[in-house]
Each structure stands twice: as structure tokens, then as C-alpha cells.
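Remarks on the structure that follows.
The values are calculated or read from the model by the stated rules, or taken from the named source; none is laboratory data. Being a predicted model, the structure only gives us computed values, none of them experimental. Here the Cβ positions follow ideal geometry from the backbone for every residue, glycine too, while neighbour counts run over all protein chains shown. These accessible areas exclude ligands, DNA and RNA; they are computed on the full protein's heavy atoms, side chains included. Shrake-Rupley method; radii C 1.70, N 1.55, O 1.52, S 1.80 Å.
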Amino acid sequence: MRVSLQSKALSVAAAFAMLSAFSISSAEPPEDRRLSPDQIARDIALAQEVYTRIHPGYTRYTSATDLNAAWQSVQDGATETDGLSVGAFYVEASRVLAEIRCDHTKAELPSDLAETRKTQPIYLPLRWEMIEGRGFVSVAAADIGLQRGDEILAIDGDPLEARADAIRPLIPFDGETAWVRDGQIAQSYEFRGGGLDHFGALMFETGATAELTIQRGDAAPMAVMVDRITHPEWRALGAGQVGARNFKDAIRFKRIGGTAAYLAVDTFVNYRTPVDPASLYDPIFASLQAEGRDTLIVDLRRNGGGSDDAALGLVARLIGSPAPFMRDIRVKTLDLSGLEEYIYTWDSSAMSPDPRGFKANENGTYSILKPLSRSLMTLTPRDTAFQGQLILLTSRNNASGSTHLLSFIKAQNPDAILIGEATGGSAEGATAGILFTLTLPESGIKMRVPAMQSFVNNGGFETGLGMSPDIEAPITVEAFLEAEDPAMQAALTLISAPEGFSMATLK
């Protein structure tokens, strides 16, 4: 069975009818396990209770009334169809969580379904990017006859635009930064291969092979048959070309001429294979100081955030005076009674927080006391902190900790120049920090529940937005096809500008 999509997203009713009929093989895979309306009702009730009690940003951008209506629509759909498969329920739960508009709030596949992704070939054998609403191959398996720059027009007869429209509402984002969704549709470690494959295997008929309609340059569109691959094979595809997963592998440094330098930090994730950030940062910043380099381009375009130690380590080497990184960090509740058997977090102290570590606020929330968080304590510049002209490259990939860093640095150093694209995340501060994992008992679906809301010490922000560049230099279709880097080129041009680097010259 093949489903032909229109150019707009499917209606909820149509989605339920379609999802209930799908399977990705005839071997009764785990996602086809059927849940009754009562089972779904129990999972939804628990999810609502957990998010309402714990999530500090649950109604930050969307009203409780609208979120209740969204949950009810899932229940109504399940009742109309006499239940849902686990996969269908996962898709619809993801749709509701995306309406919270918090990038850290998302559903994870149940363990049994996640395990099948290691052995079932559901992923296209390529990496691709969505640019200006169009999809282009960036890396392809060697044996499929595709090359970088080939445009993907359709998959199994369905226009790529239509599939993207159907998946887009399932992708979470912060506040008003919906433009970041297209990047997640194409590629995402968070979604086990990008939204197109991750959700597509549950929404569209997905065989072991796929027919791609491809356009190469000005040539006529051509049909290409490809064998799908497993998630581990997808992960290995293009390794080293799409950014590091761990901080220890994330830094690239090079000198530019006699006075400038380039430093890329592709992620702050430092909890899988942790290293001391100083061991990576110190040699670089010591050399900048010793060589008298007065201009530094810091490239964060692949960086979606991660660990505080890696981010604060960089901040301490980019500021000129002491300041706290955060002005406040709050939790919504200290009472998790009745929820303990359903939630888990890596920080066991968060399961039974000590009230002595918090200050009660008038609105019912609790602020973490300053000595308990390094983000709240005064951050002192390192002896080798860079004091010259700072240029920061930005993109829609920035979120969470990387957007926090940009927001803080810009407030501390107004002459720092941001070049690139408007970011994701929240310049005010994300709802993140400690994350609880909620496991729904009937479906096994896991949901991430942020426990904290951060408030960056930035002096001001645009509500619902991340950071906007001082110089816009986005990746365009033309730039991608010509392998150009508009943001880097703009930075290099600025370095050679005779009038210098002050913000006054940009106005």
C-alpha cells in the first residue's frame, strides 16, 4: 500500500486512519502491538500529570487549555479507531509534545521498537540537507549512484515536500523558532536518523528498497532504486563529515594569517566520554596569547548544546570581566510523590530534592541556591582569556547551551559580531538542566521531562527567540551546490575590512 500525500500536512483524523493500517514488515514488529483506548487513556493521564507537575515551561508558550485539547484529540482518535498501535500512539504523542514548544521535550521510542532499528533496514542510504525547503544529498553510500548536490524530489512517488509537511508538526522547537524543524527533518542524532526516516517508518509504507526521484543539475528527473539500511549503518555513513557527537572530538583550530585564528566547537556534550575541558582549551588559548593574535572566529554552527563544563570552560576564555552565567535557575516542584516508579534521571538527588537547597518564590516555583550551581556562581576569566575582536558564527542548529553562550557573550561583549543564521533555542534561557525520563507503562514510550528553567544573565532578550546575527549569511541552495560557506566568507571579508570591527561600522 502506498499513500499519496497532498502538499499540506495530513489532518489528525486522516493520520489516525492511516497510521493504524501501517506496518513496516509482515512479521508483526513491536510497533504493531495494539493498545486499547483504555490503555491509551492511562498513559495519557500519567503523561499529563507528570508534565503538569514537573515541567517548568509546560505552559510557557501554549496554554493549559490548548494542551489539554491536544491530549484529548489523541484519546478521541484512539476511541474512534478502537485503539492504536504503539507506533501510531508514539507519533501522536510526539505531535502533542511538540506543541509545548520546548526542544528538550520529546518522546523516545519504546525499547523494543528502538531495538528493531538496529536490524530493520528503514533508513535511506544517504545523508541529506533541507535548504530553502528543498532536499539535497550531502553524503551518499558509495554503491547507489548518487552524489553530493543531487536534489531529492520524491520518495516512493510521494513529493519530498509533502512528506516533510507531514513530519514537521512532530519536531519540537523552542518558543517561536519553528524554522529549525527542517534541519531536524533531514538529520538528527536525537531522532535516530532524522525525522524523515525516524517518523516516516511509522507513517508511510517502508519496504527494504525505496524509489527516489532525483534531479541532477539541469538534467531530467530520474528514478533511482536504493536499498534501505539499518540505523548503525546510517550512523556510520558520512562519519566525520557531519559534526562530532562528543566534546572530546569536537574542537578544530587553525591559524589565519599572522593575526587571526579559527576555533570550531561542534558540541558541548561531555557526558558520554568526559574529558577535562581545560585540557582542550588551554593549549589553544595559550597559543593565541603567546602569538599575539587579535582576532578570533569561533564557529558554533554545528553545536546544539550539551554539558555545562564544556560550555562554561569556553565562556571563561572569551570574557573580559567576572560575571555569573545565569541569574536564576528554577524548578516547578520539589514534590515527586506518587511518580517515583515512572520517572528516572541520572542525578539521584533530583528524585528527592532537599528543600534547604532552594528558595521559594512568590509564584510557587523554587530557585536553586547559588552555591549549588556553577552556572549561578561568578565566572572568572582565565588568565589566557581572549581579549581581541571576537566573531561568532551561528546557525539554526544552535540551541540550548550554545544559544545560552551566544546570549551571554553578546551581553558581556557588545562588540562581538554574530555572523550566519538566526538560531534556535532560547536567548532568555531554556527549560532543560536535569531531564527526567518518564516511561509510560502501557506503551513503553519514553518521554523527556525537563526539571529546570534557566535564566541567562544577558540583560535582555526577544521573547520566544534565540539569537539573531548582526550579519546575515545563511546557507542558500546556490551556496550549497557551489560548496561555498557564506558565513565564513563574510567573517574573512570582515577581517580584511580597513574600517575595523566595531559594531558601529555595521550599522
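A compact table of results
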{"item": "Which listed residue is open to solvent by less than 20 Å² (accessible area, probe 1.4 Å) and free of Cβ contacts under 8 Å to residues at least 60 places away in the same chain, from L376, L372, L393", "result": "L376"}
{"item": "Selection from the stretch 139-160 of residues that are out of contact with any strand residue (DSSP E or B) (no Cβ under 8 Å at 6 or more places or on another chain) and under 16 Å from T213 (Cβ atoms)", "result": "D158"}
{"item": "Pair list, Cβ under 6 Å, 6 or more apart: the stretch 428-452 residue within 14 Å of H104 (Cβ to Cβ), other residue open to solvent by less than 30 Å² (accessible area, probe 1.4 Å) and among the basic types (K, R)", "result": "R448/K106"}
{"item": "Residue that is surrounded by the fewest Cβ atoms within 10 Å (Cβ to Cβ), among those in the stretch 306-337 that are of a type in the set (A, V, I, L, M) and more than 20 Å from P277 (Cα to Cα)", "result": "L334"}
{"item": "Single residue of D156, D182, D197 found to be under 21 Å from the mean Cα position of the chain (by Cα), over 30 Å from Q453 (Cβ atoms) and among the acidic types (D, E)", "result": "D197"}
{"item": "Only one of A70, A64 that is touching a helix residue (DSSP H, G or I) at 6+ places or on another chain (Cβ under 8 Å), over 21 Å from L202 (Cα atoms) and surrounded by fewer than 20 Cβ atoms within 10 Å (Cβ to Cβ)", "result": "A64"}
{"item": "For L5: the one exception among (1) touching a Lys or Arg at 6+ places or on another chain (Cβ under 7 Å); (2) assigned to a helix (DSSP H, G or I); (3) at pLDDT below 95", "result": "(2)"}
{"item": "Residue in the stretch 430-443 that is farthest from G57 (Cα to Cα), counting only those that are buried (at least 20 other Cβ atoms within 10 Å of the Cβ) and more than 15 Å from the chain's Cα centre (by Cα)", "result": "S443"}
{"item": "Unique match (being touching a strand residue (DSSP E or B) at 6+ places or on another chain (Cβ under 9 Å) and within 21 Å of F285 (Cβ to Cβ)) among L440, L372, L435, L379", "result": "L379"}
{"item": "Those residues of the stretch 58-101 which are more than 28 Å from Q453 (Cβ to Cβ) and of a type in the set (K, R), in sequence order", "result": "none"}
{"item": "Scope the stretch 251-278; condition hydrophobic (A, V, I, L, M, F, W, C), within 17 Å of G305 (Cα to Cα) and surrounded by fewer than 21 Cβ atoms within 10 Å (Cβ to Cβ); matching residues", "result": "I251, A264, V275"}
{"item": "Subset tally (residues that are outside any loop (DSSP other than H, G, I, E, B), open to solvent by less than 30 Å² (accessible area, probe 1.4 Å) and either in contact with a Gly (Cβ under 8 Å, 6 or more places away or on another chain) or of a type in the set (G, A, S) (or both)) for the stretch 464-492", "result": "5"}
{"item": "Conditions (1) outside any strand (DSSP E or B); (2) surrounded by 19 or more Cβ atoms within 10 Å (Cβ to Cβ): number failed by D112", "result": "(2)"}
{"item": "Selection count where residues are more than 15 Å from E482 (Cβ to Cβ), of a type outside the set (A, V, I, L, M, F, W, C) and in contact (Cβ under 8 Å) with a residue 24 or more places away in the chain, scope the stretch 135-149", "result": "2"}
{"item": "Subset of the stretch 228-241 (residues that are outside any helix (DSSP H, G or I), in contact (Cβ under 8 Å) with a residue 24 or more places away in the chain and open to solvent by 40 Å² or more (accessible area, probe 1.4 Å))", "result": "Q241"}
{"item": "Out of F358, F408, sole residue that is within 16 Å of P469 (Cα to Cα) and in contact with a strand residue (DSSP E or B) (Cβ under 7 Å, 6 or more places away or on another chain)", "result": "F408"}
{"item": "Given (1) open to solvent by less than 40 Å² (accessible area, probe 1.4 Å); (2) without any contact (Cβ under 8 Å) to a residue 24 or more places away in the chain; (3) in a loop (DSSP other than H, G, I, E, B), index of the condition S287 fails", "result": "(3)"}
{"item": "Answer from I445, I495, I434 - the residue that is under 30 Å from E340 (Cβ atoms), at pLDDT below 95 and aliphatic (A, V, I, L, M)", "result": "I434"}
{"item": "Single unsatisfied condition, M351 versus (1) open to solvent by less than 20 Å² (accessible area, probe 1.4 Å); (2) at pLDDT below 95; (3) aliphatic (A, V, I, L, M)", "result": "(1)"}
{"item": "So N303, is it in contact (Cβ under 8 Å) with a residue 60 or more places away in the chain and assigned to a loop (DSSP other than H, G, I, E, B)", "result": "yes"}
{"item": "Which listed residue is under 30 Å from L392 (Cβ atoms) and either of a type outside the set (K, R) or out of contact with any Ser or Thr (no Cβ under 6 Å at 6 or more places or on another chain) (or both), from D294, D347", "result": "D294"}
{"item": "Candidate set from the stretch 146-204 (those that are open to solvent by 10 Å² or more (accessible area, probe 1.4 Å) and among the aromatic types (F, W, Y)); member that is modelled with the lowest pLDDT", "result": "Y189"}
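Residue by residue, here is whether (1) in a helix (DSSP H, G or I); (2) under 30 Å from I329 (Cβ atoms) holds:
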| site | (1), (2) |
| --- | --- |
| R42 | yes, no |
| A45 | yes, yes |
| V50 | yes, yes |
| Y61 | no, yes |
| A70 | yes, yes |
| V74 | yes, no |
| G77 | yes, no |
